[in-house]
Amino acid sequence: MTLDTEWVRAQFPAFAAAPLQGQAFFENAGGSYTCGQVIDRLTRYYTERKVQPYAPYAASEIAGAEMDEARTRLAAMMGIETDELSFGPSTTQNTYVLANAVRRWLKPGEAIVVTNQDHEANSGPWRRLAEEGVEVREWRIDPQTGSLDPEALVELLDDQVKLVCFPHCSNVVGEINDVAAITALVHDAGAYAIVDGVSYAPHGLPDVGALGADVYLFSAYKTFGPHQGIMAIRRGIGAELPNQAHHFNGGTLYKRFTPAGPDHAQVAASAGMADYFEALSAHHGGPASGAAAARHAHDLMRGAEKSVLQPLLDFVSAKNSVRLIGPTDASKRAPTVALELAGGGEEAAAMLAPHGVMAGGGDFYAGRALSGMGVDPDKGVLRLSFVHYTTAQEVDRLITALDHVF
């Protein structure tokens, strides 16, 4: 079914804001626009519910119920149990807390596997475990394509490996990794799979249950929500790792890896993400609620993205002055398009700004991936990233601007 982009954009107040008129937003990988459902819930919480939640009076009970609603609905959409979903201040912070738990859990002689395709948030915290004597093995990308070869992972796996940390999708390569297949390899080797989904979740809420990941992390603010990190941590690994929270919270799975108190308003407002996915599905004739609505919304979003992404990939692939990082086939990647140019990425983004194109340049905390493909991280790349609310007309405008500038 064709996505009703006019209806979609009406759900995002940013498109009606005067300062953003005449601008085409191509830096969504750094943070998407927030849907109106989230903004409404956040405003309501701050104006009507801003009390300590879970106390025995009406406003507090409502505040706690709205926080519980967010966890319950999002967990169901992700195919996990309610208490397997944790909120935290950011994905980077959630990963650091998780890595600290792993530091105390690993035994001498045990190993972990990381990749050089990752954003630093899912690389640095794990690599630091080498300072504790943990063996850190690197699953390296192909220097030409940026791809991760599962066969290369198999060569790294043995009975000493306890964790494999990898991205669902790189924030510069853009290729969508086969999480289910990779996770099956990891489990066959007796290890846990920790997946960074920050660059995938904005393109369709993941079915973590189907993917099989033991931990799946992503950022709500890149997924049309508030500035929270969301972590799905399955019961098996969650119960095995040591508690990182107050001792009296150790018996509650979703509290075990939240050492600081959560942002009550932002947690409650995250239910607006579920509101949006359900509304998107229902508007297009799909299921009106729950996991089925999330799956239908996922497919609508990915279908819309692929149709407007392919012309951009075809254009930059034909440009001799540009190196496209990652696949040329829109069906194999997210619409996060990194380009290596003769000049610096930030300079290129500045050149696009007068054309009404909002884009980004730099290394995007993916210096290891860029270095692995022979790109100078100091020079960086131009990154053009969008989501389902981006129109074909905006992509045409981007192509025209690129053709003029480069």
Is it fair to say Met67 is hydrophobic (A, V, I, L, M, F, W, C), touching a residue at least 12 places away in the same chain (Cβ under 8 Å), in the same structural domain as His168 (by the TED database) and over 20 Å from Gly238 (Cα atoms)? yes
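Could you pull out the residue among Ile39, Ile80 that is part of a helix (DSSP H, G or I), under 30 Å from Val208 (Cβ atoms) and aliphatic (A, V, I, L, M)? Please lay out each step first, then the result.
Values: Ile80 fails: part of a helix (DSSP H, G or I).
Among Ile39, Ile80, only Ile39 is part of a helix (DSSP H, G or I), under 30 Å from Val208 (Cβ atoms) and aliphatic (A, V, I, L, M).
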Please determine, by comparing only the residues of the range 354-374 that are in a loop (DSSP other than H, G, I, E, B) and within 30 Å of Ser123 (Cβ to Cβ), which one is most open to solvent (accessible area, probe 1.4 Å). Tyr365
I'm told Pro377 meets every condition in (1) outside any helix (DSSP H, G or I); (2) open to solvent by 10 Å² or more (accessible area, probe 1.4 Å); (3) without any contact (Cβ under 8 Å) to a residue 60 or more places away in the chain; (4) out of contact with any Ser or Thr (no Cβ under 9 Å at 6 or more places or on another chain) except one. Can you identify the failing condition by its number? (4)
Would you mind stating whether Gly251 is open to solvent by 10 Å² or more (accessible area, probe 1.4 Å), in contact (Cβ under 8 Å) with a residue 12 or more places away in the chain and either part of a helix (DSSP H, G or I) or not aromatic (Phe, Trp, Tyr) (or both)? no
Across the range 93-136, what is the total count of residues that are open to solvent by 60 Å² or more (accessible area, probe 1.4 Å), under 21 Å from Arg368 (Cβ atoms) and not in a helix (DSSP H, G or I)? 1
So which residues in the range 12-26 are surrounded by 14 or more Cβ atoms within 10 Å (Cβ to Cβ) and either over 16 Å from Leu280 (Cα atoms) or within 21 Å of the chain's Cα centre (by Cα) (or both)? Phe12, Ala14, Phe15, Leu20, Gln23, Ala24, Phe25, Phe26
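The values are calculated or read from the model by the stated rules, or taken from the named source; none is laboratory data. Keep in mind it's a predicted model, so treat the numbers as computed, not measured. As a convention, Cβ positions derive from the backbone with ideal geometry for all residues, glycine included, and neighbour counts pool all protein chains shown. SASA here: full protein model, heavy atoms, side chains in, ligands and nucleic acids out. Shrake-Rupley method; radii C 1.70, N 1.55, O 1.52, S 1.80 Å.
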